[in-house]
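Here is the structure we will look at.
The values are calculated or read from the model by the stated rules, or taken from the named source; none is laboratory data. Please read these numbers as outputs of a predicted model, since none were measured by experiment. A quick note on method: Cβ atoms are made from the backbone with ideal geometry, for glycine too, and the neighbour counts reach across all protein chains shown.
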Amino acid sequence: MGFKMLRKERREAGLALILAIGFLGLLSILGAVVMRVATMDLSSTTTTLPNQRALYAADRAVEYSMNRDIIINLLPFTSVNLKDDFVKTGGGVDLTVKHKEVIDSTGEGFLESGRVSDVGPRNLPPHLAAIHGSEFGANLYHVNVETKSTFSKTIHVDASIVRLFKMDDDQIFRTSGGG
């Protein structure tokens with residue numbers, strides 16, 4: 001009788017070892033899957049982050065182009081080079097800082113090239129004139145910027161800015177303080 005009990009315990013001990021090895025194998029597979037997912041997320045971050053930085057720099061440059069001082073100092077059918085031109089005050093006085101320095105100082109990514117062009121005044125399209133009335137006109141601006149991130153990812157953005165303003169009775173375009 002004692003002999004049978006000993007045999008039964010040994011069989012159970014072997015089963016525990018097999019279960020422990022199987023459980024360890026399952027945990028190893030689960031760990032490998034988690035490592036692969038983490039590695040894929042890390043690699044996607046290294047490609048996405050530079051693109052985001054370049055896009056944010058382009059967004060900053062376009063937003064900066066809508067700056068009131070740029071629009072006021074821009075004569076019809078002329079342009080401002082955002083990379084090389086100096087910032088001007090509302091009175092047209094050059095400051096000692098370039099537009100590029102202002103744009104680049106506010107975040108990651110940097111301006112590679114940029115231009116704001118005054119396309120000139122126009123009458124409103126008929127569907128907008130129906131909403132706002134015929135006493136309003138529009139001045140059109142074109143913004144073209146190219147930015148890069150620290151990993152040389154390049155983003156190119158073309159945008160249009162439309163400024164509505166009220167016209168005189170004799171169809172002379174006017175604005176009040178560039179607003």
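Counting only residues that are part of a loop (DSSP other than H, G, I, E, B) and not polar (S, T, N, Q), how many does segment 138-170 have?
Pass one, segment 138-170, residues part of a loop (DSSP other than H, G, I, E, B): 149-153, 168-170.
The next check asks that each one be not polar (S, T, N, Q); those that pass are 151, 153, 168-170.
Counting residues in segment 138-170 that are part of a loop (DSSP other than H, G, I, E, B) and not polar (S, T, N, Q) gives 5.
Can A13 be described as of a type in the set (G, A, S), at pLDDT 85 or above and in a helix (DSSP H, G or I)? Before the answer, list the steps.
Working: of a type in the set (G, A, S): yes; at pLDDT 85 or above: no; in a helix (DSSP H, G or I): yes.
No; evaluated as a whole, the condition is false for this residue.
Just give me the residues in segment 59-82 being among the basic types (K, R) and surrounded by 19 or more Cβ atoms within 10 Å (Cβ to Cβ), in sequence order. Break it down stepwise before answering.
Initial filter on segment 59-82 (among the basic types (K, R)): 60, 68.
Answer for segment 59-82, where residues must be among the basic types (K, R) and surrounded by 19 or more Cβ atoms within 10 Å (Cβ to Cβ): just R60.
Residues that are more than 28 Å from R53 (Cβ to Cβ) and of a type in the set (D, E, K, R): does segment 113-124 have at least one? It would help to see each step written out before you state the result.
The first filter runs over segment 113-124 and keeps only residues more than 28 Å from R53 (Cβ to Cβ), leaving 118-124.
The next check asks that each one be of a type in the set (D, E, K, R); those that pass are 118, 122.
Yes.
Looking for whichever is of a type outside the set (D, E, K, R), under 27 Å from D158 (Cβ atoms) and at pLDDT 80 or above here; the options are A58, A20. Which one fits?
Values: A20 fails: under 27 Å from D158 (Cβ atoms).
Every option except A58 fails the conditions.
Working only within segment 138-154, note down all residues that are crowded, with 18+ Cβ neighbours inside 10 Å and at pLDDT 85 or above. Working first, answer last.
If we filter segment 138-154 for residues that are crowded, with 18+ Cβ neighbours inside 10 Å, which is where we start, we get 138-139, 141, 143-149, 153.
Correct list: Y141, V143, N144, V145, E146, T147, K148.
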